[in-house]
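K.L.:
Here it is, the structure, as structure tokens.
Please treat every number below as a calculation from the coordinates, not as lab data. Given the structure is predicted, the values throughout are model-derived calculations rather than measurements. Positions of Cβ are generated from backbone atoms using ideal geometry, with glycine treated the same way; all protein chains shown enter the neighbour counts.
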């Protein structure tokens, strides 16, 4: 009797306890959607596409990605801190890129690579909904606009993979990741595919009417289909021109300059400069290259503006051994407006005085003060210079001169900002080419990721031993069971994967404190981040 | 929750209906064998039943027992349990003997129900209130430091308000949390132990190893810490006890633990014989005419430093300030505690309040402040129905040092790097604010830490309630039915404020910050509902116990995080005053688990012992296809000394256990996830995994217990654990779009030797001396890894690359470049045509070019592979060879002395702090001033060792230490001595001195060899985990506390 009561009590209690509980399968992740949710609603695709350009911008302008390394590898800027692989890649003589997944700065190329694929994958997923699933977004031109943004995303992500890496993988809405065998293709194929996507973007813009949402590219400027097409044209020109790996490549028609001319002539007549908000839009590349104690301007650049100034800091380490204590003078008024003399260089003497400089870049100082300034990614001048070079290389020297001299409708930064003399009407091919190179160096300082690096490699001007491009990141090679490989190092200078040229025949040997490993060195970060 | 209330009422209802059997009344008196005095509070229970009572203030009891009751069991903490036949008598007296080795101490964690230590078949360690009260730790985690074998408690940071890290028998996860499961009075603690005050704690039991913790299933892979707080029921019936404890003291860093810095530099002076008067007058630098005082920043200084020709850092500064001394101070420490406990016939209660403050050792920072209120109540509704409630309510506030960037060292970095010839206490020339932000012209990046401390404010407010409510129905003499509801509720409010107008460095020179404000709020509510059936029954010589239980867990957490830039007005830390950008994030986590388990414990004649258990856990954290997982244990013990009389041996037991427990995946692990940017889910992150399982730790352990010569006791355990199905973040080919997938993809093996030795050396009337030693040795190896080998380590500053996880490798090894130390090591990599005779070993023991010592060409040589590249290899192992804890209790008459030494032998720490100091040549090693001319080394040599912060063998340091962890001296007056004073109002007075972390003996050159970093916030970071790494990089140093204590009981 008593036992029955107990058993009854137990069973009833258990039942009550259990029914009071929630079920395990009620639990959901309410913080992160899955793919199905992300792509579920046509309206959401619109918002989703609005993040694509931001995602790409934050990747190419990121401290932890490749931009700072490319900046110093081109001897455009200089920074002897180990951070972001800056010391390793700029050490003299140049060593091979360390592609070991365990390398302290493996993230420099790895994150760049992975994040660009992230942009590509998102663009492709959305396009897949539009093309393969036939999803239509409400509102006139909205479906087409979303496709245009995604084609643009496919183009610039795959394009930058092609600019930086020797090979990669092409995946788009026609590829089935589950069933298709996906093989690596050389960078030329990546660039070609990226131009194809940009062409599709331009084609959509040409045949539809829409206005990009303000969040897609913030900053007050309204991008309708016309402006967006211009932007896509400029990017196509940029990718085509900067893709060449060496001088031979650049000049043996592997670059289709007629096509470049076509793109650039339809390119931007404004500066593509998203407005920073310090939360979603910001550039740590533009921050660390100019922040106090960080990046300086390479003496090579100062030397270009003032030939009296040497292109290397004195090996004595004494600023007194520079003419005029390192204070440069130049016909180019930008020396005063864009650059700032610093009597004291923040670097460690032990790392080599060849890393030192008496100048820093000051044109972005407003950004450092407010963190909410426009961040120039592609200046109008860049498109003009791409067009000028295309005119030059397709035989229209006068056309190139006019652009450089700022004949309307061109701005001509050389004249307007630099207040330099007009290029004479009879300027030679070489003079025009030099003027273009000079303008790119000075006017496009710290805008798009890698511009000086790409520009110098196609002229065989990168220091001997500098990698001309990067291997697929070591971690990814491991994951895909591919063999490890790399580029760079003076011993490997073949002019194909590793530079065998140089910007200065007098290029100095290593200073007192050059590379200790004589090749691959594995360094750790040696400067705490400011934010 | 509503349903549990109904359930409790149901128990009540049935309980009141229970039938009363035929009874008789037994009375008696309990006295102690040593002094013959009566003992209040002794538990008297009818054997094999739950019928019982405690003795009153006079040591007497009166108990109504069933007519057929045969034996009474008398038990009391610290005394041997007595069993006395009732026979026909109605008066049963007992004489209690001291339980020297605590064989009768009752363990409640990891077993079916309260089990005497001598009958344990698994490993559970216990520290009782007696030991905890010697030197009351600031929180529950620190309280067991050095007191249990196999349990390593590390104060990885000295920051007040932070809990120590507890590692039980090493880690069981390569990527997940290494924290044990914490349970306080039956409540699973989801937050930190930092807020649990020790004065309230009756005992801490630590369930060690997977076999013991199997009872706790899929959350217990790292072991379980079970904390029981004090209750009125331990008092004699009718007794009321008031305890007041006050402790006042200081927190301080002994100056001898400051990091030694160089007091000389390697730059040319204008006049080598005179470094200058007001500032160091460097050659190559032109100072303005009116430049005075230190090396303050001045834009009109031109030129640059020139390296001294000899490159020796032996040139003097104009003067030397000890910047560490400016930043560290003695902070106040105090604890005020009061508790009132009472045991009435049907109700007992304990009410307590504690107020404690620990300021820490950093200037301009308040540290930690806490108020805890507790009430514990038990009430017998009827003879068979007991209701129990335990409730802690409290709040704490923690001020972290301003300017301390979590990942970069902040003030702890700056204070070491600022040159000694600058003055931190001078005001800013720009706006007159105190503490010049840029006190040194030559430190282009390091700010004045005092300025940051005075400006930036960080405060964490925690409000918490921890409660458990249960009803026990003693249904029959062999069954107890228990329903329990327990919860942990916490609110965390964190703010971080950079005021508008704070000076900061911009692109060129100083600028005024527009301000920054961050508010983070977290609300956590986790509760459990548990229904348990306790059974115990004796079948002739076989005693059995069983527990069947259903446990429901529900965890709900939500947080929001708002960051805003640019205030409209000054001194207004409010998000409402933000004019610039704001960003807002929020998060919700919801976890539900169901667990069913049963354990059966067998005891044949008190000498053959065994238990069997099985548990099934289901959790929403498991992948869709793997919702339920089983755990089990079998264990057995044999008390040999019960069968064989062995000379000199009082107790000899062997035992073995085999069992499994596990670790659950993190909340996000099973899901396919996209991460939001600007409100859009644009970043594909992890690919979901429906087959994700909890990890599984399988342990086999054997143990030996022997007590001998009436003085000594030894416990030795060997345990081997294999944790497979480790939950790992596997990288994916980038073109998938998703970066990673969580997979069950690794295994870790642990081997543990642990021993505890106790000696009751002297037990005279007036003089007593007990000594105990704990020992452990833990070895761990990664036995399987199905993802590419990867680096790991603390987040930030690329420190996440210091450790390497690779199949076959020791877990905890430091990975990096190696500097050659002998010509034999050099031989294999000698270039063709080169000769060994071209090299020599220098005075530091490194291979360098022959004849290069003292010159700029003296450079250490790295181990290279056949291609001439630096070889990355194991350069250190953070696992200590072994660890000892050595505790002593001595008493002479009324004076007692207690001290605890903690000895960790071997094991390395990577000293990144030191390495950074080589960067700027600030480390004492670089100072050549006192060196003989032939021993001097150039700064080039030290820069080569620094090697641009490459992880290398030079900065691996032996972390061996001996610490005087705890020390107390008390003078105690008991009730008998106080009877003539104040009409006997006082029952006890205890006054003394207490020291914590008093002395450290070590060759380690950082603040403290007991250092480490814990990665938190594992959810979205690639290799970020809540793991503990022995890595020294600018944490808040540990400090010592010295205080006076007064305890009054009445």
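K.L.:
Per the Kirkwood definition applied to all pairs of different Cα atoms, how many angstroms is the hydrodynamic radius of the range B:163-248? Walk me through the numbers before you get to the answer.
P.N.:
Numbers: mean 1/r = 0.0675 Å⁻¹.
Taking every pair of different Cα atoms in the range B:163-248, averaging 1/r and inverting gives 14.8 Å.
K.L.:
On the first, second and third principal axes, largest extent first, how far apart are the outermost C-alpha atoms of the range B:394-505 in Å?
P.N.:
Principal axes ranked by extent give 82, 26, 19 Å for the Cα atoms.
K.L.:
How are the Cα pair distances of the protein assembly as shown distributed, in percent, across 20 Å bins from 0?
P.N.:
8, 32, 33, 18, 7, 1, 0
K.L.:
Ranking request for peptides B:890-899, B:136-145, B:81-90: highest mean number of other beta-carbon atoms within 10 Å first, then the rest in descending order.
P.N.:
Values: B:890-899: 15.6, B:136-145: 24.1, B:81-90: 13.2.
So the peptides B:890-899, B:136-145, B:81-90, ranked by packing, come out B:136-145, B:890-899, B:81-90.
K.L.:
If N is the number of residues in the range A:177-305, what value comes out of its Cα radius of gyration divided by 2.2 N^0.38 Å? Walk me through the intermediate numbers first.
P.N.:
On the way: Rg = 18.6 Å, N = 129, 2.2 N^0.38 = 13.9 Å.
Output field value: 1.34.
K.L.:
Further question: Rule-of-thumb check for the range B:662-783: C-alpha Rg over 2.2 N^0.38 Å? Please list the in-between numbers first.
P.N.:
Details: Rg = 24.6 Å, N = 122, 2.2 N^0.38 = 13.7 Å.
For the range B:662-783, the normalised Cα radius of gyration is 1.80.
K.L.:
Could you give the spread of the C-alpha atoms of the range B:857-898 along their three principal axes, from largest to smallest, in whole angstroms?
P.N.:
If we take the Cα atoms of the range B:857-898, the spans are 73, 25, 8 Å.
K.L.:
Okay, next question. Assuming 1.306 mPa s and 10 °C, estimate D for chain A with Stokes-Einstein, Rh taken as the Kirkwood radius over Cα pairs, in µm²/s.
P.N.:
Details: Rh = 24.7 Å.
For the chosen part, D equals 64 µm²/s.
K.L.:
Moving on. Using the Kirkwood formula over every pair of different C-alpha atoms, what hydrodynamic radius in Å results for chain B? Please report the intermediate quantities before stating the final value.
P.N.:
Details: mean 1/r = 0.0314 Å⁻¹.
Evaluated on chain B, it is 31.8 Å.
K.L.:
Output needed for the range B:12-111: three equivalent-ellipsoid semi-axes, defined as square roots of 5 times the C-alpha gyration tensor eigenvalues, in descending order, whole Å. Provide the component values of the computation, followed by the final result.
P.N.:
Values: eigenvalues 121, 65, 29 Å².
Semi-axes (√(5λ), whole Å): 25, 18, 12.
K.L.:
Rounding to the nearest 10 and keeping the result within 0 to 90°, find how far the Cα-based axis of helix A:187-207 lies from the longest principal axis of chain A.
P.N.:
That works out to roughly 80 degrees.
K.L.:
So, one more: Using R₀ = 30 Å, calculate the FRET efficiency as 1/(1 + (r/R₀)^6) where r is the Cβ-Cβ separation of residue B:718 and residue B:806; round to 0.05. Spell out each step's value before the answer.
P.N.:
Working: r = 27 Å, r/R0 = 0.88.
Given R0 = 30 Å and the Cβ-Cβ separation, E is 0.70.
K.L.:
Over all directions, the average projected area of the alpha-carbon convex hull for the range B:259-336 comes to how many nm²? Mind showing how you got there, number by number?
P.N.:
Numbers: hull surface 30.6 nm².
Average of the hull's projected areas for the range B:259-336 equals 7.6 nm².
K.L.:
Something else about it: From the mean inverse distance of alpha carbon pairs (Kirkwood) and the Cα radius of gyration, derive Rg over Rh for the range B:303-444.
P.N.:
Values: Rg = 27.0 Å, Rh = 20.4 Å.
Expressed as Rg/Rh, it is 1.32.
K.L.:
For the range A:31-120, what ratio Rg/Rh do Cα atoms give with a Kirkwood hydrodynamic radius? Before the final figure, lay out the partial values.
P.N.:
Values: Rg = 17.2 Å, Rh = 15.0 Å.
Checking Rg against Rh, the ratio lands at 1.14.
K.L.:
Cα axis of helix B:2-17 to longest principal axis of chain B: angle in degrees, 0 to 90, nearest 10?
P.N.:
Its long axis makes an angle of about 20 degrees.
K.L.:
Can you tell me the relative contact order of chain B? Whole percent, Cα pairs under 8 Å, sequence separation 6 or more.
P.N.:
Numbers: 2990 pairs, mean separation 115.9, N = 1050.
Answer for chain B is 11 percent.
K.L.:
Report, to two decimal places, the Cα Rg of the range A:274-399 normalised by 2.2 N^0.38 Å (N = number of residues). Before the final figure, lay out the partial values.
P.N.:
On the way: Rg = 17.4 Å, N = 126, 2.2 N^0.38 = 13.8 Å.
Output field value: 1.26.
K.L.:
Something else now. How big, on average over all directions, is the shadow cast by the Cα convex hull of the range A:341-476, in nm²?
P.N.:
Numbers: hull surface 49.4 nm².
If I average the Cα hull's projected area over directions, I get 12.4 nm².
K.L.:
Take the alpha-carbon positions of the range B:900-1050, form their convex hull, and give its projected area averaged over all directions (one quarter of the hull surface) in nm². Walk me through the numbers on the way to the answer.
P.N.:
Values: hull surface 61.2 nm².
Approximately 15.3 nm², given one-decimal rounding.
K.L.:
Could I ask something else about it? Just the Kirkwood number for the range B:68-214, please: inverse of mean 1/r across all distinct Cα pairs, in Å, one decimal. Don't skip to the end; give the middle numbers.
P.N.:
Working: mean 1/r = 0.0573 Å⁻¹.
It works out to 17.5 Å.
K.L.:
For B:940-951, what's the mean count of beta carbons from other chains sitting within 10 Å of each residue's beta carbon?
P.N.:
On the way: counts 4, 1, 1, 6, 3, 0, 5, 8, 19, 10, 10, 5.
What the average comes to for B:940-951 is 6.
K.L.:
So what is the diffusion coefficient of the range A:138-245 in µm² per second by Stokes-Einstein at 20 °C and 1.002 mPa s, using a Kirkwood Rh over Cα pairs? Kindly include the intermediate steps, with their values, before the conclusion.
P.N.:
Details: Rh = 14.6 Å.
D, rounded to a whole number, is 147 µm²/s.
K.L.:
Taking the square root of 5 times each eigenvalue of the Cα gyration tensor, what semi-axes in Å does the equivalent ellipsoid of the range B:922-966 have, largest first?
P.N.:
Over the Cα atoms of the range B:922-966, the semi-axes work out to 27, 18, 8 Å.
K.L.:
To the nearest whole percent, what portion of all C-alpha pairs in the range B:512-594 is separated by more than 22 angstrom?
P.N.:
Working: 1994 of 3403 pairs.
I get 59 percent for the Cα pairs in the range B:512-594 exceeding 22 Å.
K.L.:
What relative contact order, as a whole-number percentage, does chain A give when Cα pairs under 8 Å and 6 or more residues apart are counted?
P.N.:
Answer for chain A is 21 percent.
K.L.:
At a Förster radius of 45 Å, what calculated FRET efficiency corresponds to the Cβ-Cβ distance of residue A:430 and residue B:289, to the nearest 0.05?
P.N.:
Details: r = 51 Å, r/R0 = 1.14.
Computed FRET efficiency for residue A:430 and residue B:289: 0.30.
K.L.:
Let me ask something else. Just the Cα atoms of the range B:290-380, one point each, no solvent: what log10 I(q)/I(0) does Debye give at q = 0.19, 0.23, 0.24 Å⁻¹?
P.N.:
-1.00, -1.15, -1.18
K.L.:
Would you mind ranking B:311, B:493 so that the residue whose beta carbon has the fewest other beta carbons within 10 Å leads the list? Numbers along the way, then the final one.
P.N.:
Details: B:311 24, B:493 15.
Exposure proxy ranking, most exposed first: B:493, B:311.
K.L.:
If I fit a long axis through the Cα atoms of helix A:429-443 and take the longest principal axis of the Cα atoms of chain A, what angle between them do I get, 0 to 90°, rounded to 10?
P.N.:
Value to nearest ten degrees: 50.
K.L.:
Between residue B:999 and residue B:336, what is the FRET efficiency for a Förster distance of 25 Å, r being their Cβ-Cβ separation, to the nearest 0.05? Walk me through the numbers before you get to the answer.
P.N.:
Details: r = 27 Å, r/R0 = 1.10.
Taking R0 as 25 Å, the efficiency between residue B:999 and residue B:336 is 0.35.
K.L.:
Additional query: Evaluated at 37 °C with a viscosity of 0.692 mPa s, what Stokes-Einstein diffusion coefficient in µm²/s does the range A:192-235 have when Rh comes from the Kirkwood expression over alpha-carbon pairs?
P.N.:
On the way: Rh = 10.8 Å.
Rounded, D is 304 µm²/s.
K.L.:
Run the helix sum for chain B: -39,500 (n - 2.57) per DSSP H stretch of 4+ residues, divided by residue count, reported at 222 nm to the nearest 500 deg cm²/dmol. Show your work: numbers first, answer last.
P.N.:
Details: 11 runs with 72 residues, N = 1050.
So the calculated ellipticity at 222 nm is -1500 deg cm²/dmol.
K.L.:
Let me ask something else. Give the share of C-alpha pairs in each 10 angstrom bin for the range B:234-285, from 0 to the last occupied bin, in whole percents, shortest bins first.
P.N.:
For the range B:234-285, the binned pair fractions read 15, 20, 14, 14, 10, 8, 7, 9, 3 percent.
K.L.:
In deg cm²/dmol and to the nearest 500, what is the mean residue ellipticity at 222 nm of chain A if only DSSP H runs of at least 4 residues count, each as -39500 (n - 2.57), divided by the residue total? Don't skip to the answer; put the middle values down first.
P.N.:
Working: 22 runs with 229 residues, N = 531.
The helix contribution divided over chain A gives -13000 deg cm²/dmol.
K.L.:
Quick one: grab the alpha carbon gyration tensor of the range B:160-213, order the square roots of its eigenvalues as a ≥ b ≥ c, and give me rounded if a/c is under 1.5, else prolate or oblate depending on whether a/b is larger than b/c.
P.N.:
Details: a/c = 2.05, a/b = 1.36, b/c = 1.51.
Note, shape of the range B:160-213 comes out oblate.
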